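Novice: Let me begin by handing over the structure; questions about it come next.
The values are calculated or read from the model by the stated rules, or taken from the named source; none is laboratory data. Please read these numbers as outputs of a predicted model, since none were measured by experiment. Cβ sites come from the backbone with ideal geometry, for glycine too, and all protein chains shown count toward neighbours. Side chains included, ligands, DNA and RNA excluded: accessible areas come from the protein's heavy atoms. Shrake-Rupley method; radii C 1.70, N 1.55, O 1.52, S 1.80 Å.
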Amino acid sequence: MTIIIAAGSAFLLGAFVYPFNMAELTEVPHFDILEFQWNREQMILQEFAQYDYTIDDPFIVLDPYDLNPLSALMLFQTGHKGSVEIEILGDCAFSTFRYTHQIKPPRAEIPIIGLYAGRTNTVTLSIGDMTWVYEIATEPLPVDFPNLCIRTSRPEKMAPGVTLLTSIFESYSSLIDSNGQVRGFLSNKSMAHGTSMIVLENGNMLSTGDEFMLVPYHKSFLVEYNWLGKIYRIYDVPNGIHHSIYEMPNGDILAASNNVDMHSTGTREDVVIIIDRVTGAVTRTFDYRKIVDETRAPHHHFHTGILNAPIRDWMHVNAAVFDPIHNAVIASSPTQSMVISIDADTSEINWILGPHDHYRYDLQRFLLQPIGENFEWSWAQHDPRILESDDANIVNILLFDNGTNRSFYEETAILAHENYSRAVKYRINLENMTIEQIWQFGKELGSDYYSTYLGNAMLLDDTVLINFGGQLRQNGIPIDDLMQSVMGNTVTNSVIMEVTLCGEIVFEVAVNANDFTMAAGTYMAIRKSLFSPNSFTTLLGEVRGERVGSPFLSQQPDGFIVPPIYMGRMSAEFTTLHRIGDRLVIDGRLYNDGETRLLSKVYLTLRSRSSVHVFEANSGLNGRFFLSADLASLPPDQYQLAFVGATVEGNDALGSRTIGHFRTEYRITVGDN
């Protein structure tokens, strides 16, 4: 009896999960990309100092920041101050890149942007009448890089620049030339995908980082960087970022986001925020649950297929832009087939663009009335862009009309193989509250170019760049099974096209899957200059990147009781497991008997020999989970990492659960212990 009582007491006190072997565990590593890059700069400078490098024999560092393998940094000592002309020899006159960079004593640093992959590149520097020629060899593209197939190229009719393709589902975002050749790409596949990449007024790029909040595209921070890979600033955003970022006239950032605690609202992707450019603070939140009707329920293909899902995606904001003439925030909802303009100060609705079906009575007065011949509404649209207008009463808007369903009702929905996608330009008369279709391209292409999701359109000089970004095909036939693509079970291809306003195709490239990847969709395509001088004005060792804002932090649940024994056949593998300062960041996948299943809940437990602390993870698809634990909230000690997980059979979030509790081989030290 005494033995039984002692065993029961030990069980209740958690003796069977007590971390006896703490010294044998592996300490969670530290990693901070800003620290890594700063140390990398110091290493390059130390290597440079070992030899008297000159313009005749320069020090060339390929991919200096381990981010763009088709870039290089050339260094040499110089007494010259002034301009250097750089030429990257291309396959033709239109793919040969030339730009100017300023240098000064004692050290020249020349950014080399726009190299080809898998070949020896010819690079020329010119100073005055003097010319130097160099050869720089690069590695081939990764085997899982999508195949690019050029169909049409008439560069003499194309707008100048390179085309920036933003990828989806952890593929490679890239720069391509007029021949469809890759001239730059981000080797970090978790960075800058599924969300717009934009060129800031200062010439730097801004995109999402690689720390997930939710798959497949919710990220917890933004990154400002150049095409050498130098990161200048990280914006931590507790709300998370998805789909869309936009630089406002004052430099602040408008972004598609969420409420900070999605579990309390029960909804996601229904918020737009403004981020202060200097401090990184979220200064304004536009919550569309309070602006439009979240019970309006058109037929769409954005359903996850999960029954009783705890967080609804009723609006799925996929774009937010600012209209400075009317001080308005314009947001796009593909699930509602709605583009809505609201006052940036009051959140009052200005107008609603989209089919009129089933709007609440109090919202009907904001609906734009169609006029003119051949008018068609956009359905499940992407990327509304405000165009110039000479009349403040007129709003010209260009967007990509995916066309999905082309009906509010499932019974009358147009099937994918009979549907089409297009770019369309509308003219809105604010005084009359009317809308007129004034240009379109894509309908005449039919279902061959139909794009169930993704896509954008960008007005260039005399042409329009159109991205048919999410083409789902099964045996060559268009389908609308969006979630199978998100789950990685269906090939996603894309086509990027440039057309004149008269409808002549002057550029077309197909982005196709191959044996190593099914993700060849393109979230966004934009035309940009290859080289922005203002983006390369700092020298090595001068500027260390900074982190601003407030990070996303996982919640510590109230009243959660950690099981007193390890049980079940669960395990986890980690894509990310490191600490950044006082945060523990984990991106993992939970397995039940070696298989991934629908997650109910996942909790991290940090157990020392005197206390235990619990953090709730965000659950994703295919067993994926994410968390960001605040270590500063813990007493100084050493903690073993363990997990409590619950999976569900089938696709019902409220179905029968299997619970597991398992420890890992990792520990983390807080404070001086």
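Novice: Can you work out ³J(HN,Hα) from phi for every residue in segment 618-634, in order, using Karplus 6.51 cos²θ - 1.76 cosθ + 1.60 and θ = phi - 60°, giving whole Hz and x for Gly and Pro?
Specialist: Karplus-based 3J(HN,Hα) across segment 618-634 equals 7, 8, x, 8, 6, x, 7, 9, 9, 7, 9, 9, 7, 6, 5, 7, 9 Hz.
Novice: Measure off, as a whole percent, the carbon and sulfur share of the 1.4 Å-probe accessible area of the chain, all protein chains present. Don't skip to the answer; put the middle values down first.
Specialist: Details: 13750 of 27500 Å².
Looking at the chain in its full context, I get 50 percent from C and S.
Novice: Taking all pairs of different Cα atoms in segment 389-458, averaging 1/r and flipping that mean, what Kirkwood radius in angstroms comes out? List each step's numbers first, then the result.
Specialist: Working: mean 1/r = 0.0748 Å⁻¹.
It works out to 13.4 Å.
Novice: Counting just the Cα atoms, what span does the chain cover along each of its three principal axes? Round to the nearest Å and put the largest first.
Specialist: 92, 75, 50
Novice: Which value, in Å², gives the accessible area per residue of the chain when a 1.4 Å probe is used on the protein heavy atoms? All intermediate terms of the calculation are to be shown ahead of the outcome.
Specialist: On the way: 27500 Å² over 673 residues.
That works out to 41 Å² per residue.
Novice: Further question on the same structure: Can you tell me the relative contact order of segment 220-349? Whole percent, Cα pairs under 8 Å, sequence separation 6 or more.
Specialist: Working: 255 pairs, mean separation 24.4, N = 130.
With pairs under 8 Å counted, the relative contact order is 19 percent.
Novice: Given contacts defined as C-alpha pairs under 8 Å and at least six residues apart, what's the relative contact order of the chain, whole-number percent? Intermediate results must be reported in sequence, preceding the final value.
Specialist: Details: 1746 pairs, mean separation 90.8, N = 673.
In percent, rounded to a whole number, it is 13.
Novice: Segment 290-421: D in µm²/s via Stokes-Einstein (Kirkwood Rh, Cα pairs, 25 °C, 0.890 mPa s)?
Specialist: Values: Rh = 15.8 Å.
Rounded, D is 155 µm²/s.
Novice: On a full-extension model of 0.36 nm per residue, what is the gain between Tyr18 and Lys104, subtracting their alpha-carbon distance, rounded to one decimal in nm? Before the final figure, lay out the partial values.
Specialist: Values: separation 86, 0.36 × 86 = 30.96 nm, distance 6.19 nm.
So the extension gain works out to 24.8 nm.
Novice: Quick check: Cα centre of segment 459-512 to Cα centre of segment 17-77, how many Å?
Specialist: 38 Å
Novice: Let me ask something else. Placing unit charges on C-beta atoms (Lys and Arg positive, Asp and Glu negative, everything else neutral), compute the dipole magnitude of the chain about its Cα centre in debye, rounded to 20. Please report the intermediate quantities before stating the final value.
Specialist: Details: 46 positive and 80 negative charges, 231 e Å.
Using only the charged Cβ atoms, the result is roughly 1100 debye.
Novice: If packing is taken as the mean number of other Cβ atoms within 10 Å per residue, what is the order of 661-671, 583-593, highest first? Intermediate values should be presented prior to the final figure.
Specialist: Working: 661-671: 16.9, 583-593: 20.6.
Per-residue mean Cβ counts within 10 Å order the peptides as 583-593, 661-671.
Novice: Ok, one more. Considering the options Tyr409, Gln471, Ala392, tell which one lies farthest towards the positive end of the dipole of segment 361-481, charges being +1 on Lys and Arg and -1 on Asp and Glu at the Cβ, about the Cα centre.
Specialist: The Cα lying farthest towards the positive end belongs to Gln471.
Novice: Heavy atoms of the protein only, probe of 1.4 Å, neighbouring chains included. What is the accessible area of Asp582 in Å², nearest 10?
Specialist: About 90 Å², ignoring ligands and nucleic acids.
Novice: Provide Thr54, Thr279 ordered by accessible surface of protein heavy atoms (probe 1.4 Å), highest first.
Specialist: Values: Thr54 50, Thr279 75 Å².
Descending order: Thr279, Thr54.
Novice: Where does the chain land at 222 nm, in deg cm²/dmol rounded to the nearest 500, when only DSSP H runs of n ≥ 4 count, each adding -39500 (n - 2.57), divided by all residues? Before the final figure, lay out each step's value.
Specialist: Details: 4 runs with 36 residues, N = 673.
Rounded to the nearest 500, it is -1500 deg cm²/dmol.
Novice: Please report, largest first and rounded to whole Å, the three semi-axes of the ellipsoid equivalent to segment 79-189, where each semi-axis is the square root of five times an eigenvalue of the C-alpha gyration tensor. Could you put the intermediate results ahead of the total?
Specialist: Numbers: eigenvalues 160, 59, 33 Å².
So the three semi-axes of segment 79-189 are 28, 17, 13 Å.
Novice: Let me ask something else. Take the residue pairs Lys104/Lys230; Lys81/Lys528; Lys157/Lys230; Lys189/Lys290; Lys219/Lys425; Lys290/Lys425 and return only those whose Cα atoms are more than 24 Å apart. If you can, show how the numbers build up before the last one.
Specialist: Numbers: Lys104/Lys230 20 Å; Lys81/Lys528 28 Å; Lys157/Lys230 34 Å; Lys189/Lys290 36 Å; Lys219/Lys425 31 Å; Lys290/Lys425 29 Å.
In this structure, Lys81/Lys528; Lys157/Lys230; Lys189/Lys290; Lys219/Lys425; Lys290/Lys425 exceed 24 Å between Cα atoms.
Novice: Where the Cα atoms of segment 344-464 are projected onto their three principal axes, how long is each span, largest first, in whole Å?
Specialist: 41, 40, 29
Novice: Using the alpha-carbon centroid of each, what span in Å lies between segment 385-436 and segment 574-611?
Specialist: 44 Å
Novice: For a quick check of your reading of the filter: which trypsin sites (Lys or Arg not before Pro) in segment 333-442 sit in a DSSP loop and have no more than 10 other Cβ atoms within 10 Å? Before the final figure, lay out the partial values.
Specialist: Numbers: sites: Arg360, Arg365, Arg385, Arg406, Arg422, Lys425, Arg427; in loops: Arg360, Arg406.
Sites meeting the loop and neighbour criteria: Arg360.
Novice: Give me the one-decimal Kirkwood hydrodynamic radius in Å for segment 587-669, with the sum taken over alpha-carbon pairs.
Specialist: Details: mean 1/r = 0.0745 Å⁻¹.
One decimal place: 13.4 Å for the Kirkwood radius.
Novice: Any idea what diffusion coefficient segment 300-360 gets from Stokes-Einstein, in µm²/s, Kirkwood Rh on alpha carbon pairs, 10 °C, 1.306 mPa s? Kindly include the intermediate steps, with their values, before the conclusion.
Specialist: Working: Rh = 13.0 Å.
Reported coefficient: 122 µm²/s.
Novice: Let me ask another. Mind putting a number on the dipole of segment 539-673 about its Cα centre? Charges go on the C-beta only, +1 for Lys and Arg and -1 for Asp and Glu, and I need it in Debye to the nearest 20.
Specialist: 200 debye
Novice: Between Lys443 and Val562, 0.36 nm times their residue separation minus their Cα-Cα distance comes to what? The partial results should precede the final answer.
Specialist: Working: separation 119, 0.36 × 119 = 42.84 nm, distance 5.77 nm.
Taking Lys443 through Val562 to full extension adds about 37.1 nm, to one decimal.
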